[in-house]
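Remarks on the structure that follows.
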Amino acid sequence: RRYTDAAALGEYLQRFFDGRPIRARHVTWAERSVRWCRRNPALASVSAIAAMLLVAIVMTALAGHLRTRKAYQEATVALLRAEATSRIALEALDDIFLQLSPDRFWIQSGIDARGEACVCLGLRSGGALASGERTAMQLHASEETAALMKGLLVCYDRLAEQGGDNHQVQLQSATACRRIGDIRQLLGQLAEAEREYGRAIEKLTALQGVQEDVPLVALELARTFNGLGNIESTRVDSGAAYAAHCRALAAIQKAGRVTDLPPECRYETARTLYFLANKATVELANRRGEESGSPLVSGRPYSSRQCRQAATSILEDLVCENRNVPDYQFLLALCLRPTGTDAMSRADAADRRRAVAILEELKQTHPNVLDYRYELAATYAWVGVGFFPWQRPVAEPDAESSLGMALAESRWLMEQNPSIPQYACSTALILAKLAEIRARAGEYEEAEPLFREALGIQEAAIARFPE
């Protein structure tokens, strides 16, 4: 029924045997392929081998890609874990260092009218907390504390070596050196402190050319140079101290305009100006590009009072902007104190009362920070009694009661912290001031025991801390 005659049926059968398409129905792609292979067996064999090789190559590549991707994911996870471990280790080390040595530094007192070092008390300035979420508990400094910090520095150095070009780790290693220098200086070990500061400066100088976060490097350089300046002040080398503090100011100014810097850099600028205020004059860089009224607007030498006023201006702004940072208020209180031991003007007396009020509040709010109590004692003791021949006897009417409050604070600090020589020296000085007032009043029997006690304390401090 499908074919008109036998010839048509014969043609159909012949096409079927030849492997060619037939007209009776549509030939599928698979049938066409099979029939083509039957007609071209050699070419079909070569094509099949090529197809199998292609499939093998694709499968091999896919398997390799999957293995590589898995290995990359595993390496990424391992790297993230290593970075997290390093970060946790650095944070732990940083917390320990903050506990053992908060960012505060012993500094030298002001000068009197003749340019002599003021005999009131050595001062200590404060730094902002590294993080708003951390509150550093100031522990008692000791030789054991310094040794522990020295051991921890090895951890910083090893992390820095493993980190390669990790600038953050290198910066923290330099910061650790500087902090060890701080505590060595606090313990009266000036030569060791100077060596640690030198190491810190070497590391920070190397970072200056590669560190992206320039203000942080400048901040640490300024802190370290200020530490060196404090050592020179303790050695009564005013010229070397002046030069070191000038280098600190230059390091901060290279980071940018004062008003554009982060709060901690502005604070260090104020702190450096405060140091320089205790010297004769300071040559400030030309900052005419800053806003009108800025304290840093001229290249001419500035007097001690002008430097102190510049520092006070910066700190007043910082206190208004950051009322939760107690050390801004702390340094402001130090700047408000009189600059010498001669008779105070009404303005000076008002500033001194404000400084006492600030320090009393800080002592109540932060009883575990010894610096606040020490500087409160220093402020109470900031009265001129004509202790040396070149000083006029200008003791205020309430000088004795003020010195009594200073003595109570200073005795407590000395008894609780025998390893810190400044507490003993300040106690001896306050006793001597009280004795001088009694002697000038003709009360020699009351004055003599005070002088003898002061002498005994000072001699013991000299014997224990010869530097």
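The values are calculated or read from the model by the stated rules, or taken from the named source; none is laboratory data. All values reported here derive from a predicted model rather than from experimental measurement. So basically every Cβ, Gly included, is an ideal-geometry build from the backbone, and we count neighbours across all protein chains shown. Side chains are part of the model used for accessible areas, which takes the heavy atoms of the whole protein and leaves out ligands, DNA and RNA. Shrake-Rupley method; radii C 1.70, N 1.55, O 1.52, S 1.80 Å.
Some observations on this one:
- Region 350-467 - percent of accessible surface contributed by carbon and sulfur, probe 1.4 Å: 56 percent
- Shape descriptor for region 319-467: Rg over Rh equals 0.99 (Cα atoms; Rh from the Kirkwood inverse mean 1/r).
- With the simple spin-label model, which puts each label point 7 Å out from Cα in the Cβ direction, the residue 405 to residue 361 separation comes to 1.6 nm.
- Paramagnetic reach from residue 29 (point 7 Å along Cα→Cβ, amide N under 13 Å) across region 39-76: none
- Partner lysines whose Cα lies under 29 Å from the Cα of residue 254, excluding those fewer than 8 positions away in the same chain, are identified as 203, 279.
- Highest mean packing first, where packing is the average number of other Cβ atoms within 10 Å per residue, the peptides 424-433, 49-58, 13-22, 442-451 line up as 424-433, 442-451, 13-22, 49-58.
- Look at where the Cα atoms of region 249-274 and of region 443-467 average out, and the two centres are 41 Å apart.
- Surface accessible to a 1.4 Å probe, per residue, for the residues of region 378-456, Å²: 46 Å²
- Surrounding net charge for residue 451, when Lys and Arg each add one and Asp and Glu each subtract one, Cβ distance under 13 Å: -3
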